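Notes to accompany the following structure.
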Amino acid sequence: MKRDELTIALVSEVFHENDARPRLLERLTEARAQGATLAVLPEIATLPWSPATTTMRDEDAEPDGGPRQTMLQEVAAEAGIGLLGSMIIRDDVGRRFNTCTLIDESGQCLHRYRKIHVPDEPGFREADHYQADDEPPTPVDAFGWSLGVQICSDMNRPAGSQLLAARGCECILGPRSTEEATYWKWRPVFIANALTCCCYVLSVNRPAAEQGVAIGGPSIAVAPTGEVLLETTDTIGLVTLDRTLLDRARTDYPGYLAVPSSMYAR
């Protein structure tokens, strides 16, 4: 059933130390108490930023249903809130993927998405840790909205966001791990994606430098009108999606312009 509003918490914190579980429960409980129905964690927040080096650690990856995924499901159910979290999942033939899992408030997995655009540069040697997926993104109806996922670099190549929008997506959720110094490159992309896709764009970043990589920068939420609704380095940032605003953006310029998808496909 569609909902007119949905409040989402962007949680800029990582959870991979010995106290990961109680800290995550504390944050999710806090987010729910503030009115959030869904919480979004940064990119692979269940792991240290291992792509800081080219050294791949076997223990960073787990099979589907592994301990990190199980922790996210159990804690989401205990806090009574939906959760988008990510980890490195190893498939049946040993391939590793940066994988987001959308979990409902009962702890059930609703949707998965695997990163498509995998960087390979100093501080972000991700290609040594997991491979790029080749499946296009699809939205999922959850929490009364049509939600899509893009992971970090996927949002800087907007074809995936446009494809999600063409398939009816109303809000794109983008966990990321980016440097504070490059935020000026990301901010206009988030705004342009929201404005041209006529959907909400939300992104939450890892909070601080790790292993010599200057990670940091705000969480951001952009309305389908291009208005920046939230831009904060607070641990928890709250934003409420409003269907009225979504409908208005889709009937105003440029939202009402038909997209000749078959021509672009050719």
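Given points 7 Å out from each Cα along the Cα-Cβ axis, report the Ala77 to Ser261 separation in nanometres with one decimal.
3.6 nm
Which translational diffusion coefficient, to the nearest whole µm²/s, is obtained for the chain from the Stokes-Einstein equation, given a Kirkwood hydrodynamic radius over C-alpha pairs, 37 °C and 0.692 mPa s?
Numbers: Rh = 18.4 Å.
The Stokes-Einstein estimate is 179 µm²/s.
Do any trypsin sites (Lys or Arg not before Pro) in the range 1-40 lie in a loop, going by DSSP, with at most 13 other beta-carbon atoms within 10 Å of their beta carbon, and if so which?
Here the sparse-neighbourhood loop sites are Lys2, Arg3.
For the range 254-266, in order, what is each residue's ³J(HN,Hα) by Karplus, 6.51 cos²θ - 1.76 cosθ + 1.60 with θ = phi - 60°, in whole Hz (x at glycine and Pro)?
Couplings: x, x, 7, 5, 5, 9, x, 4, 5, 5, 5, 4, 4 Hz.
Just to confirm, what accessible area per residue do you get for the range 1-97 at 1.4 Å probe, in whole Å²?
43 Å²
With a/c under 1.5 counting as rounded, go ahead and sort the range 52-199 into rounded, prolate or oblate using the C-alpha gyration tensor (a ≥ b ≥ c being the square roots of the eigenvalues; past the cut-off, prolate if a/b is larger than b/c, else oblate). Could the numbers behind the result be given before it?
Working: a/c = 1.70, a/b = 1.05, b/c = 1.61.
Cα axes put the range 52-199 in the oblate bin.
Carbon and sulfur together cover what percent of the accessible area of the chain at a 1.4 Å probe radius?
With neighbouring chains kept in place, the figure for the chain is 50 percent.
What is the gain in length, in nm to one decimal, between Ala132 and Ala181 on full extension, counting 0.36 nm per residue of separation less the C-alpha to C-alpha distance?
15.1 nm
Determine the shape class of the range 180-243: with a ≥ b ≥ c the square roots of the Cα gyration tensor eigenvalues, call it rounded for a/c under 1.5, and otherwise prolate if a/b is greater than b/c, oblate otherwise.
Oblate, because a/c is 1.5 or more while a/b does not exceed b/c.
If Glu210, Glu59 are ordered by their accessible area, calculated over protein heavy atoms with a 1.4 Å probe, which sequence runs from highest to lowest? All intermediate terms of the calculation are to be shown ahead of the outcome.
On the way: Glu210 30, Glu59 110 Å².
So, going from the largest accessible area down, we get Glu59, Glu210.
What is the packing order of peptides 39-45, 113-119, 51-57, taking the mean over residues of other C-beta atoms within 10 Å and listing the highest first? If you can, show how the numbers build up before the last one.
Working: 39-45: 27.4, 113-119: 21.7, 51-57: 15.7.
Ranking, from highest mean packing down: 39-45, 113-119, 51-57.
Let a ≥ b ≥ c be the square roots of the eigenvalues of the Cα gyration tensor of the range 111-266; is it rounded (a/c under 1.5), or, if not, prolate (a/b larger than b/c) or oblate?
oblate
The values are calculated or read from the model by the stated rules, or taken from the named source; none is laboratory data. As the structure is a prediction and not an experimental result, all values here were calculated from the model. Cβ atoms come from the backbone with ideal geometry, glycine included; neighbour counts cover every protein chain shown. Ligands, DNA and RNA are excluded from the accessible area calculation, which covers all protein heavy atoms including side chains. Shrake-Rupley method; radii C 1.70, N 1.55, O 1.52, S 1.80 Å.
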